[in-house]
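Before any comments, here is the structure.
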Amino acid sequence: MARPSPRTPGSSTVGTDAAREAARRANGEFGTQARGEAQVNLGDATADPTQADPAGPDYTTWEPVAIDEELARLYDEHGTLMQRWASDYKHLNGEIARHKFGRGWRGTCTRAEMAEAIEEMQRAADEAEARGERPDFADRDILRHVATAEERRLKAREVKEAMEPLNAEFVRRGGWARAYLVVNVNGHVHSSMECSTCFSPGYDGAGNYREGTRFHWVTQMSDRDESEIVEAAGERACTTCYPTAPTETLNKPTSLYTPDEERKAAERVEREKAKIERERIKIAKSLTEDGSELRIDVGTRYPERFKTEQAATSWAVDRVMMARNAAEWAREMSEAEQAGVETIKEAIVAKRTRDGGDRAGADAATVRAEVEAEFDKKIRAKAKREGITLAD
């Protein structure tokens with residue numbers, strides 16, 4: 001397991017900006033710190049490493065799974081902070097390269113150049129304020145981002161320090177088996193974060209910060225036998241970490257997933273359920289068994305198409321009502337339209353009498369009579385609403 005570095009031995013207080021600056025440069029951090037920051041107490045090296053806070057939890061009584069769950073929570077919190085810090089670093093690197101070195105929008109600069117530029121901007125800002133002037137706008141913007149990044153980095157350091165007593169307890173007990181799942185598509189399950197196939201966070205040769213391989217702690221497998229872990233990991237088991245894993249086990253589907261993978265799997269299930277429900281509703285509303293459109297040839301260039309029983313019924317009622325209009329300008333239905341109305345009525349009868357219909361198993365002639373009565377009622381109701389007199 002990758003563990004945070006122990007605290008610096010001795011009890012001391014860094015009391016000057018120069019000392020802080022030297023420490024930061026030694027650690028490869030930003031070259032300045034927000035003004036007015038409180039001094040940093042590095043702690044007492046004589047304290048029990050498993051009990052950094054005397055009033056804190058007694059980790060000696062915790063089960064391995066509980067310790068790893070807390071470590072996993074802190075690891076994720078630390079990772080989130082460092083991801084944001086890495087984003088800040090990349091942004092600042094580009095801004096300083098463009099603003100201070102004129103290297104264009106995609107230009108970069110080295111860590112040393114960043115540190116020197118930030119120190120220069122900080123000094124210029126202090127001098128401007130001393131003269132009662134406003135610092136350069138671009139400098140102020142960059143320094144504001146520097147302060148934000150430093151705040152995140154210091155918070156990440158606090159989280160990392162909170163992991164130390166838990167790591168110390170792990171070491172005190174002689175350790176136990178763990179499983180780490182790489183957080184990416186088809187990531188492997190490892191027994192250690194130091195696997196040679198993974199990458200540690202840090203700076204590359206060009207001075208760019210790289211986050212390294214991210215892991216999901218599979219805490220349900222903590223303190224299990226290696227054979228159990230390999231069996232659960234299946235095809236995801238790292239052959240470098242588990243060189244003796246049986247071939248047949250490595251060919252089995254895995255049962256270990258990251259939270260993101262589990263979430264996406266649950267979302268897929270929900271989408272499939274929603275799709276099935278939409279299809280059910282579509283079929284329930286339509287006049288066809290498969291939910292497709294009912295097409296009626298009415299003798300024109302384009303056929304009438306109905307996705308729902310309601311739409312088809314409305315069209316048929318409208319055609320029959322207009323044909324039964326007593327007015328002289330009443331429009332008779334064409335033979336194709338009459339056939340279309342009959343097709344719709346037959347489709348309604350078939351829908352009601354088939355399996356799952358509200359009149360399943362009923363006599364078709366009886367249901368047809370019911371449909372005719374319903375149509376007549378709807379025709380008369382619509383005619384009344386529209387003030388149309390129907391011919392008998």
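Here are a few things to note about the model shown:
- Virtual spin-label span in nm between Asp358 and Arg123, 7 Å along Cα→Cβ: 8.7 nm
- Neighbour-count ranking [beta-carbon atoms within 10 angstrom, fewest first] of Glu69, Glu309, Glu235: Glu235, Glu69, Glu309
- In segment 60-174, the C-alpha radius of gyration followed by the widest Cα-Cα span (Dmax) gives 19.7, 61 angstrom.
- Computed from point charges on the beta carbon alone (+1 for Lys and Arg, -1 for Asp and Glu), the dipole magnitude for segment 294-386 about its Cα centre is near 340 Debye.
- For segment 294-386, the alpha carbon positions stretch 44, 32, 20 Å along the principal axes, listed from largest to smallest.
- DSSP-assigned coil residues among trypsin sites (Lys or Arg not before Pro) in segment 111-172, each with at most 14 further Cβ atoms within 10 Å: Arg131
- Compactness index (Cα Rg / 2.2 N^0.38 Å), segment 116-180: 1.93
- On full extension, the segment bounded by Asp141 and Gln338 gains 63.2 nm, given 0.36 nm per residue less the C-alpha separation.
- Residues Asp76, Asp68, Asp290, Asp318, sorted so that the one with the fewest Cβ neighbours within 10 Å comes first: Asp290, Asp318, Asp76, Asp68
- Amide H partners (placed H, <5 Å) of Ala237, local residues excluded: Val189
- Taking 0.36 nm per residue of sequence separation and removing the Cα-Cα distance, the Phe101/Thr80 pair yields an extension gain of 4.5 nm.
- With each label modelled as a point 7 angstrom along the Cα→C-beta vector, the Ala266-Arg131 pair spans 6.0 nm.
- Pairs of Cα atoms farther than 21 Å apart, segment 159-279, %: 52 percent
- For segment 115-129, backbone phi angles converted through the Karplus equation (6.51, -1.76, 1.60; θ = phi - 60°) give residue-by-residue couplings of 4, 5, 5, 5, 4, 5, 5, 5, 5, 5, 5, 4, 5, 5, 5 Hz, Gly and Pro being listed as x.
- Going from the fewest other Cβ atoms within 10 Å to the most, the residues Tyr180, Tyr59 appear in the order Tyr59, Tyr180.
Each value in this text was obtained by applying a stated rule to the coordinates, not by laboratory testing. The structure displayed is predicted, hence computed values, not measured ones. So basically every Cβ, Gly included, is an ideal-geometry build from the backbone, and we count neighbours across all protein chains shown.
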